[in-house]
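Engineer: I have a structure here, written as structure tokens, and I will follow up with some questions on it.
None of the figures in this text is laboratory data; all of them are computed from the coordinates on show. Quantities reported herein were computed from a predicted structural model and do not represent experimental measurements. Because the Cβ atoms are built from the backbone with ideal geometry, glycine has one as well, and the counts that use them run over all protein chains shown.
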Amino acid sequence: MRETGNVIVDLSFKFALDIISFVEILEQEKKYVIANQLLKSGTSIGANVREAQNGESKSDFVHKLKIAAKEADETEYWLLLCKSSENYPFNPQLSNGKYLLQHNFRFCHADDRKHLLSVPLLRNKILRASG
């Protein structure tokens, strides 16, 4: 993937690719129900982030990012089930990717309260905080 320079877009795309790889392992283990749920929620994060980039208004942009954050929470739930179950494989790297996404969404919620105006503003705040 060619990086866009937008931290959340790039991280959510990479995370979706990692989720797809992990879901393939779950399917090999015949864990279809959790695999399906994880595939839907884990890839929906990036889809909503991408859709937010074309929001019709500031509130539409923020709303779509909030949906992505909810999908990230759901994804965390399915990953915790895998981690906690004796009969399911688990990939600890996915927890790290999920953490990075949640960290970035926290900045989004803070910016929402301060009337977030643009993705570059969000990206700059994230880069300053992580630097």
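Engineer: If R₀ is 22 angstrom, what is the calculated FRET efficiency for the pair VAL33 and GLU86, using the beta carbon separation as r and rounding to 0.05?
Structural biologist: Values: r = 17 Å, r/R0 = 0.76.
My answer for the efficiency is 0.85.
Engineer: Work from the charge dipole of the range 16-92 (Cβ charges, +1 for Lys and Arg, -1 for Asp and Glu, about the Cα centre) and give the residue of GLN28, THR43, ASN87 farthest towards its positive end.
Structural biologist: THR43
Engineer: Another one. Determine ³J(HN,Hα), in whole Hz, for all residues of the range 21-38 in sequence, where each value follows from phi through the Karplus function 6.51 cos²θ - 1.76 cosθ + 1.60 and θ = phi - 60°; x replaces Gly and Pro.
Structural biologist: Each residue's phi maps through the Karplus curve to give 4, 5, 4, 4, 5, 4, 5, 4, 8, 6, 9, 5, 5, 5, 4, 5, 5, 5 Hz.
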